[in-house]
Structure formats: structure tokens, C-alpha cells
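> Structure below; questions to follow.
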Amino acid sequence: MIQFELLRDKAILIVRPQGTIEAGDFTKVAEVIDPYLVEQGMLAGLLIEAPSFPGWDSFGALVEHLKFVRDHHKRIERVAAVTDSAFLQIAPRLAEHFAHPEIRVFSSSERARALSWLQTG
């Protein structure tokens, strides 16, 4: 499951995986973010708060995750991953080669710094 919050005034989406990620999670996020993107065009940032990587509950969830990234990555300026997970520290570096946004990884103690970077670049 993914908890998420859209900071409309800052154009930042915050996502917090809570347990394994399910396919329907991305539909719920898209229902909120897609109308915003129609109105505003872009997100300044995406903040992913995940102390550890919970994984996907099924192959279908992985596929939906990849579709979500494919459909949205060009409309996000920056991604900040706030984590202490070894996997999540490596994954963004790989994603940079395929995705539009600038991606940075911050330790879990640097959430405020990550949010500031998303707002100011």
C-alpha cells in the first residue's frame, strides 16, 4: 500500500510505501495527480519516503509501477528518495538513465533537506 499526499502549493507529491506495493496503488495516485497535471502541466518534485524497500505484492503490481513511471516521468522535474535502503539508494541511479527527472538520494535523517532541494533545485 502507498500513502501519498499532494502539496498543491509546492507542486510536490509525497509517497510513502506502507507494506508491499499493490497494483491498485498506482491507480489511486493517478486519480489525484493526473487532474493536477492537466491543470498545472508539471510537478516540481516527487518525494519518496521509504526507510526500506517493501517490494511488490505481485508481478502485476510491478507492471503497474513501470506503467506509472512511463506515463508520468516526463512531467516531474526532480525526484528525491529519502531512504536508508541499499536497494533504494542504487535504483534511482539506474533510473536516471531512463527517466526524465533529476534524481537524488537522501538518508532518512535528511527529509527536510530533500524537500528543500525539490522546492529550489
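Quick note: the coordinates plus some simple rules give every number you see, no bench work behind them. Note that the structure is a prediction, hence the values are computed from the model and not measured. Here the Cβ positions follow ideal geometry from the backbone for every residue, glycine too, while neighbour counts run over all protein chains shown.
> Among residues other than TRP56 whose Cβ falls under 9 Å from its Cβ, what is the net charge (Lys/Arg +1, Asp/Glu -1)?
Residues near TRP56 contribute -3 overall.
> Assuming 0.36 nm per residue, please report the length gained on full extension of the stretch SER52 to GLU77 beyond their Cα-Cα distance.
Contour length minus Cα-Cα distance gives 6.6 nm.
> According to a simple spin-label model (label point 7 Å from Cα along Cα-to-Cβ), what is the distance in nm between SER85 and MET42?
2.8 nm
> So how many Å³ per residue does the convex hull of the Cα atoms of the chain work out to?
91 Å³
> Once phi is turned into θ = phi - 60°, what whole-Hz ³J(HN,Hα) does the Karplus curve with 6.51, -1.76 and 1.60 give for every residue of the range 11-28, x standing for Gly and Pro?
Along the range 11-28, the couplings run 6, 10, 9, 10, 10, 9, x, 10, x, 5, 7, 10, 4, x, 4, 6, 5, 5 Hz.
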